[in-house]
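The values are calculated or read from the model by the stated rules, or taken from the named source; none is laboratory data. The model shown is predicted, which means the values in this text are computed figures rather than measured ones. With ideal geometry, Cβ positions are generated from the backbone for all residues, glycine too; neighbour counts draw on all protein chains shown.
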Amino acid sequence: PARQETATMLLPPPSAGGGAIPTVDMSAPRGRGALSRQVARACAEQGFFRAVNHGVPPAGPPARLDAATSAFFALAAHDKQRAGPPNPLGYGCRSIGFNGDVGELEYLLLHANPAAVAHRASSIDTNDPSRFSSVVNEYVEAVKQLACDILDLLGEGLGLEDPRLFSKLITETDSDSLLRINHYPTKAGSGGNPAAGGRIGFGEHSDPQLLSLLRANDVDGLQVLLPDINGKDTWIQVPADSSAYFINVGDLLQALTNGRLVSVRHRVIASTCRPRLSTIYFAAPPLHARISALPEMVTAGSPPRYRSFTWAEYKTAMYSLRLSHSRLDLFHVD
Ligand code: GA4
């Protein structure tokens, strides 16, 4: 812990964010064409946006999932450990991945595939495993729908020959999508003083998959690395909005679009005052899916940047590296 405090003090302060974060009204007030261009632009310029009026009713699947996961995190440590260790799925506390990364959080990492969820849920809610898995499954159905909408808008906005190509990858029955629920507890003894905050909840990284959809309670903490007006990368504090979904471009979309879309680097600095609860759906293709730049994204002026790989191959690389590694660089053609 002492080492972490020192590292924290070296972090440059984030800029207060609102304005820099693109907001997309998914109800398409200016029509579908304008919406698809707006989504494609945000994903190309920031790799990140806030989706509002997204059509997922907050009192439905999200509220039921939050209740179930909060009840799980409130259990005694030894009861939670029954759903761990994360290998890589399951319950984890402080350690992230296999290579020594730590964070000030505990989490559940679940496969989004219904069969795999049911299997896992038996150790998560021993009283009523079928209820826990149905709550997860209905949430996944709702966010997967939103993910498909966004991916189709992206396909249209980028002018792809098959605009549904991205969404088809995640609706395959053997898609490798995940659901992660992160609980950042408060630091006992800090006296609720925000100035004593600044612990690294989840270190800097990009998401490896296609697209991530994050929803969190009203506790701040998420920061994204975005270019400022001079093009210099700056950490931007993302103001909490529990009614919105925050959308991240992942490494695979960057590779498929030959770098037109950018996978955004982000991190969480844990608050000391109130616990943060976030739920992230990572939309991924099947393991055997081959990822290479789409023909539309390759021109004489922009030749293929990355060599072709399968999602399985990419995952092997990602699990052998640290959280902050820019793993797409391994596939870069010079
Ligand atoms: C980052 C994004 C997702 O949370 C995650 C993480 C995964 C894990 O926790 O098992 C990884 C990390 C994430 C990338 C590098 C490796 C694997 C931890 C880690 C050090 C679930 C994912 O898919 O990649």
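Being assigned to a helix (DSSP H, G or I) and in contact with a Leu (Cβ under 9 Å, 6 or more places away or on another chain) is a description that applies to Gln254.
If you go through the range 95-143 and keep only what is within 12 Å of the ligand (Cβ to nearest atom) and without any contact (Cβ under 8 Å) to a residue 40 or more places away in the chain, you end up with just Ser95. Against the conditions (1) of a type outside the set (Gly, Ala, Ser); (2) over 21 Å from Gly55 (Cα atoms); (3) at pLDDT 95 or above, Thr171 satisfies every one except (2).
For Ile236, the conditions (1) over 15 Å from the mean Cα position of the chain (by Cα); (2) within 16 Å of the ligand (Cβ to nearest atom) are fulfilled apart from (2).
Ser242 meets each of the listed conditions (1) within 16 Å of the ligand (Cβ to nearest atom); (2) surrounded by fewer than 19 Cβ atoms within 10 Å (Cβ to Cβ); (3) closer than 30 Å to Arg64 by Cβ apart from (1). For beta carbons closer than 6 Å, sequence separation of 6+ or different chains, a first residue in the range 313-334 that is in a helix (DSSP H, G or I) and a second that is surrounded by 13 or more Cβ atoms within 10 Å (Cβ to Cβ) and among the hydroxyl-bearing types (Ser, Thr, Tyr), the qualifying pairs are Phe331/Tyr306.
Only residues that are farther than 15 Å from Glu141 by Cα and surrounded by 14 or more Cβ atoms within 10 Å (Cβ to Cβ) were counted across the range 54-87, and they come to 13.
Would you confirm, using the coordinates I've provided, whether Arg30 is more than 11 Å from the ligand (Cβ to nearest atom), surrounded by fewer than 20 Cβ atoms within 10 Å (Cβ to Cβ), part of a strand (DSSP E or B) and free of Cβ contacts under 8 Å to residues at least 40 places away in the same chain? Judged against the criteria, Arg30 is not a match. Of everything in the range 180-196 that is over 23 Å from Leu225 (Cα atoms) and either within 16 Å of the ligand (Cβ to nearest atom) or hydroxyl-bearing (Ser, Thr, Tyr) (or both), the residue that is modelled with the lowest pLDDT is Ser190. Checked against (1) within 14 Å of the ligand (Cβ to nearest atom); (2) among the β-branched types (Val, Ile, Thr); (3) assigned to a loop (DSSP other than H, G, I, E, B), Thr279 meets all criteria but (3).
Within the range 79-94, which residues are touching a Phe, Trp or Tyr at 6+ places or on another chain (Cβ under 6 Å) and away from the ligand (no atom under 12 Å from the Cβ)? Within the range 79-94, Lys80, Ala83, Gly84 qualify.
Within the option set Arg199, Arg274, Arg215, being in contact (Cβ under 8 Å) with a residue 12 or more places away in the chain, crowded, with 24+ Cβ neighbours inside 10 Å and more than 22 Å from Leu330 (Cβ to Cβ) holds for one residue only, Arg215.
None of Arg260, Arg199, Arg215 is on the phi < 0 side of the Ramachandran plot, modelled with pLDDT of 95 or more and more than 15 Å from the ligand (Cβ to nearest atom) except Arg260. The lone criterion from (1) within 23 Å of Ser326 (Cα to Cα); (2) more than 14 Å from the chain's Cα centre (by Cα); (3) modelled with pLDDT of 95 or more; (4) in a loop (DSSP other than H, G, I, E, B) left unmet by Gly231 is number (3).
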